[in-house]
Amino acid sequence: MEIGQKVKVYRLRDRVPSSVAQKLGKVGVIEGYKMTDGSGVGIVVKFEDNSATWFFEDEIKPV
């Protein structure tokens with residue numbers, strides 16, 4: 001997945017705050033990457049309402 005690519009949030013791996021849970025099913029644009037604990041990499045997604053949060057790669061799909 002590349003910066004600028006449109007993606008859809010299709011699942012959430014863990015329990016998350018309601019503000020993040022509301023993004024389920026929404027489409028956003030990849031804005032960047034974030035190092036997670038351990039050796040994982042998260043993907044920062046920005047949405048139409050100008051909010052942004054990160055997801056694991058298996059939580060989003062290209063649109």
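Throughout, read-outs are computed from the coordinates displayed, never taken from laboratory work. None of the values given here were measured: they were computed from a predicted structure. Backbone-built Cβ (ideal geometry, glycine too); neighbour counts: all protein chains shown.
So here's what we get for this one:
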| quantity | calculated |
| --- | --- |
| Residue count for region 11-60, restricted to those that are touching a helix residue (DSSP H, G or I) at 6+ places or on another chain (Cβ under 7 Å) and surrounded by fewer than 14 Cβ atoms within 10 Å (Cβ to Cβ) | 2 |
| Pairs, first farther than 12 Å from V63 by Cα in region 1-22, second in a strand (DSSP E or B) and of a type in the set (A, V, I, L, M, F, W, C), C-beta under 6 Å, six or more apart | I3/I30 |
| Candidate set from region 1-44 (those that are small (G, A, S) and in contact with a Lys or Arg (Cβ under 8 Å, 6 or more places away or on another chain)); member that is nearest to F55 (Cα to Cα) | G42 |
| Region 17-53: number of residues that are within 12 Å of V7 (Cα to Cα) and not charged (D, E, K, R) | 10 |
| Residue among G42, G28, G32, G38 that is assigned to a strand (DSSP E or B), out of contact with any Phe, Trp or Tyr (no Cβ under 8 Å at 6 or more places or on another chain) and of a type in the set (G, A, S) | G32 |
